[in-house]
1. Output the number of residues of segment 203-214 satisfying the condition of being of a type outside the set (D, E, K, R) and either in a strand (DSSP E or B) or within 21 Å of Val182 (Cα to Cα) (or both).
2. Return yes or no: is Ser144 farther than 25 Å from Lys441 by Cα and not in a loop (DSSP other than H, G, I, E, B)?
3. Right, Gly109: touching a Pro at 6+ places or on another chain (Cβ under 8 Å) and small (Gly, Ala, Ser) or not?
4. In this structure, does Ile367 turn out to be out of contact with any His (no Cβ under 6 Å at 6 or more places or on another chain) and under 25 Å from Ile133 (Cβ atoms)?
5. Quick check: anything in segment 387-396 touching a helix residue (DSSP H, G or I) at 6+ places or on another chain (Cβ under 7 Å), more than 14 Å from Gln437 (Cα to Cα) and not small (Gly, Ala, Ser)?
6. Please find, among Asp156, Asp85, the residue that is open to solvent by less than 80 Å² (accessible area, probe 1.4 Å), at pLDDT 90 or above and closer than 29 Å to Val410 by Cβ.
7. Can you tell me which of Gly406, Gly360 is at positive phi, out of contact with any Asp or Glu (no Cβ under 8 Å at 6 or more places or on another chain) and buried (at least 19 other Cβ atoms within 10 Å of the Cβ)?
8. Would you point out which residue out of Ile300, Ile326 is in a loop (DSSP other than H, G, I, E, B) and open to solvent by less than 40 Å² (accessible area, probe 1.4 Å)?
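The values are calculated or read from the model by the stated rules, or taken from the named source; none is laboratory data. All of these numbers come straight from a predicted model, not from anything done at the bench. Please note: Cβ atoms are built from the backbone with ideal geometry, for glycine as well, and neighbour counts cover all protein chains shown. With ligands, DNA and RNA removed, areas are computed over all heavy atoms of the protein, side chains included. Shrake-Rupley method; radii C 1.70, N 1.55, O 1.52, S 1.80 Å.
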Amino acid sequence: MDSSSGFSEKRPVKANYTQTETPSSAEDSCQIPNKQNREVQTDVHESKENIFAEFDLDSLLDFLKRTTPLVCSVLERNSKSKAFDRYKLLSETDSTSISCLHVLEKSLGDEFCCSSVSWNSVGTAIAAAYSCIDHVNWCEHNSSVDLWSLGRKDFDPKKPNLTLETDCCITYVSFHPELPAVIVAGKLNGEILLWDISKEDDSLLASTEVASFNHREPITGLHWMLQYGKQNRIEFASCSLDGKILLWSYEAGKLKLSNGFVILAKQLPRNFLIKTHRENAEIGITSMTINYEDRNIFVIGIEGGGIFQCLFDSLVPASYSAFSPISLKSPISMGFERHKGQVTTVQFSPFSRNVFLSAGTDGELRIYSLLQPKPLLMLQLPTGGINNAQWSPIRPLVFSCVSNNGQFHVWDLKADEKSPIESIPVTAAKGYGLSLQNNNKNPSLLATSCSDGTVQVWELSGSVLMVENGEELQLQALSKNID
């Protein structure tokens, strides 16, 4: 081939190259322990069939003879001990069936307390009476009865809906059981006031005059006299520390005295001895209750711890030397075993004609029957005296109380006959409970009053409100358990 043609068999070549980094590598090693297998051999140990063969039975028998009487005596003593009767496990006290709905309070001085509370007949309003804690001389305090309507839109626990002012401390207040606007209140000086709060201009209907033949000591009870066939009548009985029980009726715009009784030292049963500066001295009445079925029967608690059954139709004249427009009589028909302290409450059971409850400053709650002088059942608080107690309106075996150690207790005899099922503080402050009132129309509500002037509205739930079959029969059986 001609070289001049320009064709060449050799092609141009250009050399190129790329370079990457040399990958790094490392070597690691792990170590495991060397294992060796070895064999061991043990002899089979045969157990003896009689494992007690090595014990000395005679020595064991001598030991049991020496220790058995001692152990049995300690076990018997422990079975009778009451050291742990009121002890409850923490798990048992975590849940409570009582809660505080409201704390009602008003601006008061430190010397005032809430002495009494009462629900109206429809269960929507509560009245609170105020009194000075200590009185050195004659009462000159300006006090009041305050009312809260819990169902109103303008309800304010720190502002009462109505205030009824008085010129003396109020020791007891009670709503009429049928007329929701009628209230009766008793003063420290023995005067009684009757209001009708439905009247806006002047709600005071009538009042008793301060006279020697009327009450002249603090009123301790006001109880409405309800008669069959006579609806909406205003009749009530009052008791006082002056030893008198007076019956009143509202007629023609005035409170008319219709009957009266007096408790004199010399007319008390012989087994009830009381020291007085004069033979015919009046014995103060601290509490009173009227039988739900037989309105002729009532029970009173007096100073010194005495409890007596009385009759309204008694015709026994009282040797009362002071002037009285009516002939005062002695109502006592029977005496019961006395408390070791002052009687603060007596109340008939709503479910049994013969059964009533009593409480005292000795810290005892007692259940009595009208058929015998000794109590059917005695319950003791661990500490503190009892200032007020009440039966449940729906549970025959349930009752509650407030004590002067600041506790509110609920008892259920069906669940526990020795200790309360609930014990909670009445107030966070250093106060103590003074009065207690169930709401008969709404049994889930209960009110207590305190020495610091506050009123607590409690809501009950759970077992406290659960009516169980046979409770009423069990209460009747208890009342028939007579020695």
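1. 6
2. When the stated conditions are applied, Ser144 passes them.
3. no
4. no
5. Taking every residue of segment 387-396 in turn, at least one turns out to be touching a helix residue (DSSP H, G or I) at 6+ places or on another chain (Cβ under 7 Å), more than 14 Å from Gln437 (Cα to Cα) and not small (Gly, Ala, Ser).
6. Asp156 is the lone residue from the list that is open to solvent by less than 80 Å² (accessible area, probe 1.4 Å), at pLDDT 90 or above and closer than 29 Å to Val410 by Cβ.
7. Every option except Gly406 fails the conditions.
8. Going through Ile300, Ile326 in turn, the sole match is Ile326.
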